[in-house]
Amino acid sequence: MLSIEHYLFLGLALFIIGVIGVVTRRNVIVVLMSIELILNAVNINLVAFSRLYGDVAGQVFALFIIADAAAEAAVGLGIIIAFFRNRETVLADEMDLLKW
Amino acid sequence: MEAVIQATLDFLKAYWPPLLCGLVIVAVLPLIAGYIVLVERKLMADMQARLGPMRVGPHGLLQPIADAVKLLIKEDIIPQDADKLVFWLAPVLSVGAALLSLAGLAIGPAFQVAKGINIGILFVVGVSAMGIYGIVLGGWASNSHYSLMGALRSSAQLVSYETAAGLALVTGLLFAGTLNVTSIVEAQYDQGIWFGLLAPVAFFTYLVASIAETNRAPFDLPEAESELVAGYMTEYSGFRWALYFLGEYTNMIVVASVATTLFLGGWLRPFPRTHWLNFLDFLPALFMAAVGAYCVFRAPKQPTKVQSLFMLAVAGLCFVAALVLLAPVILPMLRPSLAPAVKPFYDGILGSFWFLLKVSAYIYFFMWLRFTIPRYRFDQLMRLGWHFLIPLSIINVLVIGIAMIVGSYLHLEGGWLLLVTIPASVIALIVALFILSIEQKSAPSEQGRASDSYAG
Amino acid sequence: MARTTIAENGEKQHTLLGADELILNMGPQHPSTHGVLRVKLKLDGERVIGSECMIGYLHRGVEKIAEHRSYQQFAPYVDRMDYVAAVSNGLGYCEAIEKLLVVEAPARAKVIRTILTELQRIASHLLWLGTHALDIGALTPVFYCFREREEILKIFEKYCGARLTTHAFRIGGLQYEAYDTLEKDVERFCKAFESRITEYEDLLTQNRIWLGRTKNVGILKPAEAIALGATGPVLRGSGVKWDIRKAMPYAAYDQYKFEIPTGTTGDTYDRYLVRMEEMRQSRLICLQAIENIPAGPIMAKVGKVLKPPPGEVYHSIEAPKGELGYYVVSDGTVQPYRVRIRPPSFVNLESFDKMVRGHLVADVVAIIGTLDIVLGEVDR
Amino acid sequence: MLDKIIFYFFAGLAVISAVLTVTRRNVVHSAIFLITALLATAGIFLQLRAEFLFIVQIILYVGGIMVLFIFVIMLVNLDVAVRQMQFARQKWVALLISLALAAQVGLMFWSTGKLPGQGLLVSQAAPVDKLPPNSEEVARSLFSSYLLPFEIASVLLLVAMIGAVVMAKKRT
């Protein structure tokens, strides 16, 4: 395996790209997708360390994160659909009311 | 730079057999798919009191080639407002996923592209599931209502039925205790019985779900020609359409192979460990010889001389195949000392014969259903999936698991396991039917039910 | 799908479509609109919340053509309306003009007309069954149906030389004498047909998917059916026992015994059963008719040039699709002053919107099939 | 060397498609590039010999979650959205956050070995073949040491499922 820094830098790059996406995009769907990117970056780190130490725990945690991402995506997209039904928009900055 | 070339060479040196295998598969598969289509058309014609393709070659045997040429030279049409990139990408994805998933399959003990792959059957299932993008993106990119509805239908359908199929696979894997394709078949050899017999309900569930996953009738709603014209393929023509078609038939082969591997004993002959049935080893050779004899018998009755010659040539090929199939069986009998040397050939040749036979039978069943029964409506399809198949497969996993624990306490093995798994399967079926009947009673009305069909 | 557009001043404008609404244009080139029917469907997801039939793609002005042709010259034109039941169209037209002329076809002609018309009814229903099953996704029945239809068309061909647009009858009787083996051919067909119809029913009647696709789909209540003017199997499927063959017998129908099948709930499945039973009854009528074909002339005395007295007449028959009526006004010349045709498909299509609301797209196809429309007749 | 080629190939693919995911105007294109990024990550997992995670990534992420995304994108209208302004005016915030993150990680690498107890703790790497590519290993760990988290995760998924159904259901 390559040195751990390779994977850490890859993870960092994906993480930062994800953060930039979350902060700059207006479309909530793209924001959710950027969050997936962030989670993915974390997974790379976990798996890399799991390989480094020969311990399977990292992979197990990556599995949990994937499960978490699934839950997050399901609920998030459910909210987006409900929101779209009412307001006909998917733009984050138009979601400015707590109740409608 | 030098290092890169060296690495590439090393890679090629280490992995040339699978790469070659992959190339062969990619090259031959379109032909095979074409001939599956021909067989389908012929069978359909036979069941519908007509002849089917007869013009191109004797009995239409060259029809697939003619069709392929026609599709290749057709004008390539891209709708004006289509998303060009995605429109281009979608059929490639569809066929790519199907072809890639073939890599994980083992046709015989020796024939597997990705050899010894640890996640075996999961790889096949997971990668072939990616074919859904071809359908969904293609439907979206066409920028047509019919395509979009086909795409929406198919994504909802695939996601729903994948659950049932996955749970059915889990039931089969309970018996195997491994994901490795080769080990699964070996486990069936050790048990002396196919898992399909041990878990009939799981096999049934997988059968139904695999029909839905490959978009075949009666679940061919994404491309239902009488409703959605051609569903997600409406705007596609020529070569791109051919790619979709290839992907669809490859997917059929993939699901049939998965079912064969997990439920029908892979490359094993029926009852592999029952020695008084050893005469079954002659069956492949006899079968090929019979086909050859039939061709010889039919040859003089052909209308033209060329066609008779063609038939004779086919007969000759059949006889050669029969000899090849016979050799590994006969040789060890004549000279017992040759037995170990012949063993790999025996496994390879006869194994792939049985494997392909089972796959063909599975695909034949698909076709038979298609010619016989009408098409489901979308809400009915969803109800069948969510209200019957998924509960059935969940309960089945549970009770089969319990049955296996009971079986291990009673030290049951092989065929004796049937004593516990068959009652378990019956219980699963009864419970699922019970759930279904409750569901139907509580269903408010036909029309109210159908309202949120995509939400399934 | 919502369609929200942004106006110049930045405000959002909602077009007519609310959220999740979608307009789907079905036809005029669509595999299952049976020709060139165009249906504009308003969908909510896959649910139909409104529909509009757009017809006229096959309009040829048949009624107007009639005003510029002599009475005999117009007869072949009516074959082109319901082109899958040309014999019935011809029968209706010939009888209407006969009524106008106050002549009656000879008994022999009437019986032969009845036989051919009933065969045509079977052929039309077979075509309906095949295409309807194909629309719902059963691939095989259509070929079986065409196999039997072919037998009927062969009988037509032997009788008058044409298979589809037969122009079999003339005003006042028949042009051609029945060929020698007509009775035998019809008998052989009817004998074989009994088992064939069982074959179709084996494939469909008890099939769970078929039941699921047709039961409770496109329900038309009896009162609605009458109010919309539906006739034929569509009306009888709703449970109204109305058949012009019984109510106002024409041709030789008063001589034969047959039942009028009716449905109970008025759904697609009932109409299917009604049509299947009608085929059986038609077969019985044919068998009764060939037993006793009276001898005698086949043509009443009508002149070469037809000049009906001024007046008007309405005559209707029970075509395979329903009541086919001809309203003919004569001004005493050789050409009709006005011919108005009441095509059953056109009127039955009126009930489409009522049947289709609240159903899914897949049911639209089933409902178009169950109405058994022929666009040549709808558009004329 | 082969290892390196594979890593750089997948890493490059992942980063490029991640950038495209964030920058594409068309949401479907974004989703396609995200799928590519996820597949590239799966490739990285495979290169790290995490076979099981590789297939879970493909089945769950690519075959499940992203299908859901695309499904929702199709339900939600697009042709309007493309013409709207896609980026919020938060460029500087984004730059700031990413610089801060980069600085943090850079500090970690820089401090490694310089200050005791700081930076990246690289203990002795395990031998190459200590962790065979084995899904059974993952399963054993999952169902023994991590049974409770596993159960919690399943409850979480159940809750998410119900929540999603409730959210997306039409109010009639």
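The values are calculated or read from the model by the stated rules, or taken from the named source; none is laboratory data. Note that the structure is predicted; figures quoted are calculated from it, not measured. With ideal geometry, Cβ positions are generated from the backbone for all residues, glycine too; neighbour counts draw on all protein chains shown.
Annotations
- Members of region C:215-259 that are closer than 24 Å to C:ARG108 by Cβ, under 16 Å from the mean Cα position of the chain (by Cα) and polar (S, T, N, Q): none
- Candidates B:GLY150, B:GLY177, B:GLY108, filtered to the one that is surrounded by fewer than 22 Cβ atoms within 10 Å (Cβ to Cβ) and either within 13 Å of chain D (Cβ to nearest Cβ) or of a type in the set (A, V, I, L, M, F, W, C) (or both): B:GLY177
- Evaluation of B:ALA66 against (1) surrounded by 12 or more Cβ atoms within 10 Å (Cβ to Cβ); (2) touching a residue at least 40 places away in the same chain (Cβ under 8 Å) (one fails), failing number: (2)
- Residues that are under 20 Å from B:SER408 (Cα atoms) and surrounded by 20 or more Cβ atoms within 10 Å (Cβ to Cβ), drawn from region B:153-172: B:THR171, B:GLY172
- Verdict on B:ALA33 being among the small types (Gly, Ala, Ser), in a helix (DSSP H, G or I) and not assigned by TED's automatic domain parsing to the domain that holds B:TRP241: yes
- On inspection, A:ASN40 fails the criterion of being more than 7 Å from chain D (Cβ to nearest Cβ), closer than 28 Å to D:LEU147 by Cβ and among the polar types (S, T, N, Q).
- Any pair with Cβ under 6 angstrom, 6 or more apart, that starts in region B:248-266 at a residue that is in contact (Cβ under 8 Å) with a residue 40 or more places away in the chain and assigned by TED's automatic domain parsing to the domain that holds B:MET130 and ends at one that is assigned to a loop (DSSP other than H, G, I, E, B) and aliphatic (A, V, I, L, M): B:SER257/B:LEU105
- Count of region A:70-90 residues which are within 7 Å of chain D (Cβ to nearest Cβ) and part of a helix (DSSP H, G or I): 12
- Test for D:ALA42: is it surrounded by 20 or more Cβ atoms within 10 Å (Cβ to Cβ) and touching a residue at least 60 places away in the same chain (Cβ under 8 Å): no
- Pairing residues of region C:112-124 that are assigned by TED's automatic domain parsing to the domain that holds C:GLU277 and within 23 Å of C:PRO297 (Cα to Cα) with residues that are in a helix (DSSP H, G or I) and aromatic (Phe, Trp, Tyr), at Cβ distances under 9 Å and at least 6 apart in sequence or on separate chains, gives C:ILE112/C:TYR159; C:THR114/C:TYR253; C:LEU116/C:PHE156; C:LEU116/C:TYR159; C:LEU119/C:PHE156; C:LEU119/C:PHE189.
- Residue within region C:275-291 that is touching a Lys or Arg at 6+ places or on another chain (Cβ under 6 Å), under 19 Å from C:GLU104 (Cα atoms) and hydroxyl-bearing (Ser, Thr, Tyr) present: no
- Top-ranked residue of region B:334-385 - restricted to ones that are of a type in the set (Val, Ile, Thr) and out of contact with any Ser or Thr (no Cβ under 8 Å at 6 or more places or on another chain), ranked as surrounded by the fewest Cβ atoms within 10 Å (Cβ to Cβ): B:VAL342
- Being assigned to a helix (DSSP H, G or I) and touching a residue at least 60 places away in the same chain (Cβ under 8 Å) is a property that B:LEU43 has.
- When B:LEU152, B:LEU148, B:LEU105 are checked against the criterion of being touching a strand residue (DSSP E or B) at 6+ places or on another chain (Cβ under 8 Å) and modelled with pLDDT under 85, B:LEU105 stands alone in meeting it.
- Matching residues, region C:236-258, being touching a helix residue (DSSP H, G or I) at 6+ places or on another chain (Cβ under 6 Å) and of a type in the set (A, V, I, L, M): C:VAL240, C:ALA251, C:ALA252
- Considering residues of region D:26-81 that are within 7 Å of another protein chain (Cβ to nearest Cβ) and hydroxyl-bearing (Ser, Thr, Tyr) only, the residue nearest to B:VAL127 (Cα to Cα): D:TYR61
- Answer from B:VAL420, B:VAL397 - the residue that is modelled with pLDDT of 85 or more and either in contact with a Cys (Cβ under 8 Å, 6 or more places away or on another chain) or crowded, with 16+ Cβ neighbours inside 10 Å (or both): B:VAL397
- Test: residue in region B:191-210 that is over 19 Å from B:THR421 (Cβ atoms) and free of Cβ contacts under 8 Å to residues at least 40 places away in the same chain: no
- The number of residues in region D:1-50 being among the basic types (Lys, Arg) and over 24 Å from D:SER98 (Cα atoms) comes to 2.
- Hits in region B:130-147 - residues which are crowded, with 24+ Cβ neighbours inside 10 Å and in a loop (DSSP other than H, G, I, E, B): B:SER142
- Test result for A:ASP93, under 13 Å from the mean Cα position of the chain (by Cα) and surrounded by fewer than 18 Cβ atoms within 10 Å (Cβ to Cβ): no
- Qualifying positions in region B:317-363 - among the polar types (S, T, N, Q) and under 27 Å from B:ALA33 (Cα atoms): B:SER352, B:SER360
- Restricting region A:54-69 to residues that are part of a loop (DSSP other than H, G, I, E, B) and facing chain D (nearest Cβ under 7 Å) leaves a set whose member that is surrounded by the most Cβ atoms within 10 Å (Cβ to Cβ) is A:VAL56.
- From the options B:PRO64, B:PRO18, residue that is farther than 27 Å from B:ALA151 by Cα, touching a strand residue (DSSP E or B) at 6+ places or on another chain (Cβ under 9 Å) and part of a helix (DSSP H, G or I): B:PRO18
- Only one of the numbered conditions (1) within 22 Å of B:HIS59 (Cα to Cα); (2) charged (D, E, K, R); (3) outside any helix (DSSP H, G or I) is not met by B:ARG273, and that is (1).
- Only one entry of B:LEU100, B:LEU9, B:LEU29, B:LEU89 meets the criterion of being within 14 Å of another protein chain (Cβ to nearest Cβ) and under 16 Å from B:PHE239 (Cβ atoms), and that entry is B:LEU89.
- Residue in region C:127-134 that is away from chain B (no Cβ under 14 Å) and either assigned to a helix (DSSP H, G or I) or surrounded by 22 or more Cβ atoms within 10 Å (Cβ to Cβ) (or both) present: yes
Rundown of residues vs (1) touching an Asp or Glu at 6+ places or on another chain (Cβ under 9 Å); (2) more than 19 Å from B:SER360 (Cα to Cα); (3) exposed (fewer than 11 other Cβ atoms within 10 Å of the Cβ), yes/no style:
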{"site": "B:GLN6", "(1), (2), (3)": "no, yes, no"}
{"site": "B:LYS13", "(1), (2), (3)": "no, yes, yes"}
{"site": "B:ALA27", "(1), (2), (3)": "no, yes, yes"}
{"site": "B:VAL39", "(1), (2), (3)": "no, no, no"}
{"site": "B:LYS42", "(1), (2), (3)": "no, no, no"}
{"site": "B:ASP46", "(1), (2), (3)": "no, no, no"}
{"site": "B:ARG50", "(1), (2), (3)": "no, yes, no"}
